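Here is the structure we will look at, set down as structure tokens.
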Amino acid sequence: MIHLSRWKVVLLVLSLLFGLLFSYPNLLTADQRAALPGWLPRSGLNLGLDLQGGSYLLLEVDVPAMREKRLGNLGEDARTVLAEARVGVLSIARDPSGVVVTLADPSQMELAMQSMRALIGASTSGVVDRSVQRQGADRIRYAFTEQALASMGADAVTQSIEVVRRRIDNLGTREPSITRQGADRIVVQAPGESDPAQLERVIGQTAQLTFQLVDVENSVEEAMAGAIPPDSELIPGAPDSGQAFYLVKRRVLVSGENLTKAEVTSDQNNQTAIGFRFDGAGARRFGEATAANIGRPFAIILDGKVISAPRINGAITGGSGIIEGSFTIEQASEMVNLLNGGALPAPLKVEERRTVTAELGADAVAAGKLSTMIGFAIIVVFMFLAYGFLFGGISVIGLLLNGLLIIAAMSFTGATLTLPGIAGLILTFAVAVDANVLIYERMRDEARAGRSVIASLDAGFNKAMGTIIDANLTTLVAALIMFVFGAGPVRGFAWTLTIGVFTSMLSAVLVSQVGLAWWLKIAKPKKLPIAE
């Protein structure tokens, strides 16, 4: 193993070039990186929340509120489809997992069952999530399946994470960390985002957009007094909508689920407005709904508030339109961001909020640099004192290459460096030098046992390699466990440590082999220096 193989030299040179090429951008300013030629890497290390400051939010997904809303939607679906089939309904009562519909005329049971079965469809995973069952002569139970109820919470958290990620990306925040914590919580870390109020406002809105007809047959005043028709609901108007409350039909004509794009535009009076476009299904439903209700007003509802209630002057068949209102550019831009990011499946409650200032982050960076330099200096002094300038110097060169490769690998992969990540970096120095210690001590034992220099060097690498691999595999398994089950800073530590395991194996073993092989070829020593 001590022979100077060409492939080892080539691998070492390529590793050095990789380290220099992808670490170099970290020495440049943002303007200097932007001016680099297109074929050169420009990405540097991304500093985490604890190193550059930013905002931290701990959010809880309100799964009970989402479940309550979906159960309510079951009742509205049943009421709408039975009304379209002209089936008389005596009552619709709730139960823990669905609704029970009582028919006014039991003879319409078959027609009602046929209409209700049309509501059953597969979820996005391809599993049927609802069931329709006949109960007695005049009742039908329409409910979620047990499997759907069991997965509802986990699915809501997963969907919420994706929506939150899209919204934060639209804000321009670089490298946000969005992770699940426990069963129904989400941790959001946004480095560089100094306004947690804006972050909370953008993240917290559900952005549920619906188009519903205004109930013109009944009075808003009577509804506010308590006389709300069963197929209508009283919804407050937005501050600039022109009306305090609106009485609208419960049936949703089109929802934001069919929205493909939203953008800031202007209306015919050159006022700020929001343009929208539906997908094929949404365009068809929107065209059919507007064609059937010409002359009637319809409400555009966002997050439970009517933001506009224009009159339908003709069928809108193009699948696009604009939402008019007294919007400022900032309000319209924020609303477009929300609509394009998608609607949250459930409300989010802020459990904890924290702000890390840039000054505190700078202090953390300075402390990290100081601790890294002190740790590196201690290791260098130890290696020189224990193994002399030749063997100790080769180990130090390996450590420098190890640090260079870690920075390059993190820059290349876009990983985020956190304060615990710096601790992981220091630990990888110890892991790397530990490999050299194992190799050198085995060489020393072999030389003291009377073996030649070449035999001692070769035995040192051969007999220590098994121990080195076992130790690094153990560290790698521990790092992977922390990365999979940990969150935030723990994952940052685990990621840095994982990269360090691979780079330390390369730098500690390969640099030592190539360096000692050159020394052996040039000096042709009679004795091993570290055995004296």
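The values are calculated or read from the model by the stated rules, or taken from the named source; none is laboratory data. All figures in this text were calculated on a predicted structure; none of them were measured in a lab. Positions of Cβ are backbone-derived with ideal geometry, glycine not excepted, and every protein chain shown enters the neighbour counts. Quick note on the areas: whole protein, heavy atoms, side chains included, nothing else; ligands and nucleic acids left out. Shrake-Rupley method; radii C 1.70, N 1.55, O 1.52, S 1.80 Å.
Out of curiosity, is R442 without any contact (Cβ under 8 Å) to a residue 40 or more places away in the chain and either assigned to a loop (DSSP other than H, G, I, E, B) or at positive phi (or both)? Criteria not met by R442.
So, of the residues in the stretch 230-263 that are assigned to a loop (DSSP other than H, G, I, E, B) and either surrounded by fewer than 15 Cβ atoms within 10 Å (Cβ to Cβ) or β-branched (V, I, T) (or both), which turns out to be modelled with the highest pLDDT? Going through the qualifying residues, I end up with A244. For the stretch 393-418, taking the residues that are in a helix (DSSP H, G or I) and β-branched (V, I, T), the one that is surrounded by the fewest Cβ atoms within 10 Å (Cβ to Cβ) is identified as T413. When A364, A343 are screened for being touching an Asp or Glu at 6+ places or on another chain (Cβ under 9 Å), in contact (Cβ under 8 Å) with a residue 24 or more places away in the chain, part of a loop (DSSP other than H, G, I, E, B) and of a type in the set (A, V, I, L, M, F, W, C), only A343 passes. Could you list, in sequence order, the residues of the stretch 346-361 that are in contact with a strand residue (DSSP E or B) (Cβ under 7 Å, 6 or more places away or on another chain) and assigned to a loop (DSSP other than H, G, I, E, B)? The one that is in contact with a strand residue (DSSP E or B) (Cβ under 7 Å, 6 or more places away or on another chain) and assigned to a loop (DSSP other than H, G, I, E, B): A346. Is it the case, given these coordinates, that T102 is assigned to a helix (DSSP H, G or I) and of a type in the set (S, T, N, Q)? Against the criterion (assigned to a helix (DSSP H, G or I) and of a type in the set (S, T, N, Q)), T102 does not qualify.
Residues in the stretch 209-233 that are more than 30 Å from G275 (Cα to Cα) and either in contact (Cβ under 8 Å) with a residue 60 or more places away in the chain or among the aliphatic types (A, V, I, L, M) (or both): 6 in all.
Residue by residue, here is whether (1) over 27 Å from R284 (Cα atoms); (2) open to solvent by 20 Å² or more (accessible area, probe 1.4 Å); (3) free of Cβ contacts under 8 Å to residues at least 60 places away in the same chain holds:
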position	(1), (2), (3)
S326	yes, yes, no
Q331	yes, yes, yes
M335	no, yes, no
T357	yes, yes, no
I378	yes, yes, yes
M383	yes, no, yes
F391	yes, no, no
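Selection within the stretch 403-416: residues that are among the hydrophobic types (A, V, I, L, M, F, W, C) and modelled with pLDDT of 80 or more. The member of this set that is farthest from L14 (Cα to Cα) is M410. For the stretch 419-464, filtered to residues that are in contact with an Asp or Glu (Cβ under 7 Å, 6 or more places away or on another chain) and open to solvent by 20 Å² or more (accessible area, probe 1.4 Å), the residue that is nearest to K369 (Cα to Cα) is L419. Filtering the stretch 19-51 to residues that are free of Cβ contacts under 8 Å to residues at least 12 places away in the same chain and of a type in the set (G, A, S) leaves A30, A34, A35, G38. Candidates in the stretch 152-167 are the residues that are open to solvent by less than 40 Å² (accessible area, probe 1.4 Å) and not aliphatic (A, V, I, L, M); of these, the one that is nearest to V187 (Cα to Cα) is S160. Looking only at the stretch 168-183, residues that are modelled with pLDDT of 70 or more and open to solvent by 30 Å² or more (accessible area, probe 1.4 Å) come to 6 in all. The single condition among (1) open to solvent by 10 Å² or more (accessible area, probe 1.4 Å); (2) closer than 23 Å to L401 by Cβ; (3) touching a Phe, Trp or Tyr at 6+ places or on another chain (Cβ under 6 Å) that W518 does not meet is (3).
Would you check which residues across the stretch 311-327 are over 18 Å from G237 (Cβ atoms), touching a strand residue (DSSP E or B) at 6+ places or on another chain (Cβ under 7 Å) and assigned to a loop (DSSP other than H, G, I, E, B) and list them?
Step one: filter the stretch 311-327 for residues over 18 Å from G237 (Cβ atoms), giving 312-322.
Applying the additional criterion that residues be touching a strand residue (DSSP E or B) at 6+ places or on another chain (Cβ under 7 Å) yields 312, 319-322.
Matches in the stretch 311-327: I312, G319.
If you go through the stretch 432-466 and keep only what is modelled with pLDDT of 85 or more and β-branched (V, I, T), you end up with V437, I439, V453, I454. The residue of the stretch 19-51 that is modelled with the lowest pLDDT, among those that are part of a helix (DSSP H, G or I) and surrounded by fewer than 16 Cβ atoms within 10 Å (Cβ to Cβ), is A30.
Just to be sure before I move on: is F429 at pLDDT below 85 and either more than 37 Å from the chain's Cα centre (by Cα) or within 18 Å of S395 (Cα to Cα) (or both) in the structure I sent? Criteria met by F429.
For the stretch 184-226, the set of residues classified as more than 16 Å from K249 (Cβ to Cβ), outside any strand (DSSP E or B), aliphatic (A, V, I, L, M) and at pLDDT 80 or above consists of M224, A225, listed by residue number. The listed residues are R277, R285, and the only one of them that is among the basic types (K, R), open to solvent by 20 Å² or more (accessible area, probe 1.4 Å) and either touching a Pro at 6+ places or on another chain (Cβ under 6 Å) or part of a helix (DSSP H, G or I) (or both) turns out to be R285. With respect to the numbered conditions (1) small (G, A, S); (2) within 30 Å of G492 (Cα to Cα); (3) modelled with pLDDT of 85 or more, which one is the sole condition not fulfilled by A104? It is condition (2) that A104 fails.
Each row is one residue, and each column tells you yes or no for (1) surrounded by fewer than 18 Cβ atoms within 10 Å (Cβ to Cβ); (2) outside any helix (DSSP H, G or I).
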| residue | (1), (2) |
| --- | --- |
| L59 | no, yes |
| T80 | yes, no |
| V87 | no, yes |
| L119 | yes, yes |
| A137 | yes, yes |
| A143 | no, yes |
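Looking across the stretch 1-41, the residues that are under 29 Å from the mean Cα position of the chain (by Cα) and farther than 17 Å from F412 by Cβ come down to T29, A30, D31, A34.
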